[in-house]
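S.K.: Input: one structure, supplied below.
FYI, it's all coordinate maths here, none of it is from the lab. No experiment lies behind these values; they were computed from the predicted model shown. Using ideal geometry, Cβ is built from the backbone for each residue, glycine included, and neighbour counts are taken over all protein chains shown.
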Amino acid sequence: MKPQIKKETKETEKKTGVNFSYAFPAKIEEIIDRTGTRGEAIQVRCKVLEGRDANKILRRNVMGPVRLGDILMLRETEIEARKLNQGRR
């Protein structure tokens, strides 16, 4: 006896309610410094390439390895990360 495979149709797709959020590409222009309690995040300056805020330069905290010229996909382009405190001891 073969197992029956349920075929996905457009109707079942509508029932599941699969939603995707839009993301806007941003190119990393400058790597500022590491941040976070253990230095796990990197603060970068990036330039938004598309969308309503195109050509806007933002400061963002990024988790994971990044290099200059990498493209980030940002879900929102309105909120900016705080500046790092330069008076560390």
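S.K.: Identify all residues within region 54-69 that are touching a Lys or Arg at 6+ places or on another chain (Cβ under 9 Å) and loosely packed, with under 10 Cβ neighbours inside 10 Å; write none if there are none.
M.R.: Within region 54-69, ASN55, GLY69 qualify.
Yes or no, residue by residue, for (1) of a type in the set (Phe, Trp, Tyr); (2) surrounded by 13 or more Cβ atoms within 10 Å (Cβ to Cβ); (3) over 17 Å from ASN85 (Cβ atoms); (4) in contact with a strand residue (DSSP E or B) (Cβ under 7 Å, 6 or more places away or on another chain):
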{"site": "ALA23", "(1), (2), (3), (4)": "no, yes, yes, yes"}
{"site": "ILE28", "(1), (2), (3), (4)": "no, yes, yes, yes"}
{"site": "THR35", "(1), (2), (3), (4)": "no, yes, no, yes"}
{"site": "ILE42", "(1), (2), (3), (4)": "no, yes, no, yes"}
{"site": "ARG52", "(1), (2), (3), (4)": "no, no, yes, no"}
{"site": "ILE71", "(1), (2), (3), (4)": "no, no, yes, yes"}
{"site": "LEU74", "(1), (2), (3), (4)": "no, yes, yes, yes"}
